[in-house]
Amino acid sequence: MIKQLRVFILLSAVGLLTGCSQPDSDQESSSSKASSVTSSTSSQALTSHSGTNTLTLNRQADEQKVLLNQTWQFEQLAITSVKGELDDDQQMELEIGWRNLATSNQHFADLATVTVHQEDAELAMVERDDDFTDSVAPQADEDFEFTYQLDNQTQPLKISIVPKKGTAKTLTVNLE
């Protein structure tokens, strides 16, 4: 059963990565910077992973920017996407896509937490959508959004996924 689950996860990740469009030169640079945030294996379980991408501060564009190009694998869940968008009120909307890898229905909050830091301070969450509290079936995907109040628009953000079981992974996002 575990071998079948691993094969399914591997095939899903390959399919997801294969289905993505070719990156332009800016995205390719970001993709290469984020290469250290690959899925953790059992031999890497004691090591924390981090990567750096750049989120361009552009208030005229009303769209989210992909911040994570890989799938982060944890014991009971996978983070399939992280997207961010800055708004005029010095806030950042963060959308996180995840897959339930447990064998029963789960809530994200029962499997992991999300923290966002700027400098040494944890940012205040000002809004959370209802999808965060959804019960998700095994192998099903869901996404949710959080809105955070930025301390400033120049210091990098550190977005961490902290699983209840396993090692946290952190993504650093530079604001320009």
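The values are calculated or read from the model by the stated rules, or taken from the named source; none is laboratory data. Bear in mind the structure is a predicted one, so any value in this text is a computation, not a measurement. Positions of Cβ are backbone-derived with ideal geometry, glycine not excepted, and every protein chain shown enters the neighbour counts.
Tabulated data for the structure shown
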read-out	value
Top-ranked residue of the stretch 38-88 - restricted to ones that are among the charged types (D, E, K, R) and at pLDDT 50 or above, ranked as farthest from Val173 (Cα to Cα)	Glu75
Count of the stretch 105-121 residues which are free of Cβ contacts under 8 Å to residues at least 40 places away in the same chain and within 21 Å of Phe74 (Cβ to Cβ)	5
All positions within the stretch 105-127 that are surrounded by 14 or more Cβ atoms within 10 Å (Cβ to Cβ), hydrophobic (A, V, I, L, M, F, W, C) and not in a loop (DSSP other than H, G, I, E, B)	Phe108, Leu111, Ala112, Val114, Val116, Met125
Candidate set: the stretch 131-157, residues that are surrounded by 18 or more Cβ atoms within 10 Å (Cβ to Cβ) and among the aromatic types (Phe, Trp, Tyr); chosen: the one farthest from Glu75 (Cα to Cα)	Tyr148
Residue that is nearest to the chain's Cα centre (by Cα), among those in the stretch 70-87 that are in a strand (DSSP E or B) and more than 13 Å from Asp141 (Cα to Cα)	Val82
First in the stretch 130-142 and within 14 Å of Gly97 (Cβ to Cβ), second anywhere and assigned to a loop (DSSP other than H, G, I, E, B), Cβ under 7 Å, 6 or more apart	Val136/Asn105; Glu142/Asp134
Test result for Val162, assigned to a strand (DSSP E or B) and within 21 Å of Glu63 (Cα to Cα)	no
Failed condition for Gln139, given (1) assigned to a loop (DSSP other than H, G, I, E, B); (2) of a type outside the set (Gly, Ala, Ser); (3) within 20 Å of Gln64 (Cβ to Cβ)	(3)
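Matching residues to (1) at pLDDT 95 or above; (2) loosely packed, with under 14 Cβ neighbours inside 10 Å; (3) under 17 Å from the mean Cα position of the chain (by Cα):
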{"site": "Gln90", "(1), (2), (3)": "no, yes, no"}
{"site": "Glu95", "(1), (2), (3)": "yes, no, yes"}
{"site": "Thr103", "(1), (2), (3)": "yes, yes, no"}
{"site": "Asp129", "(1), (2), (3)": "no, no, yes"}
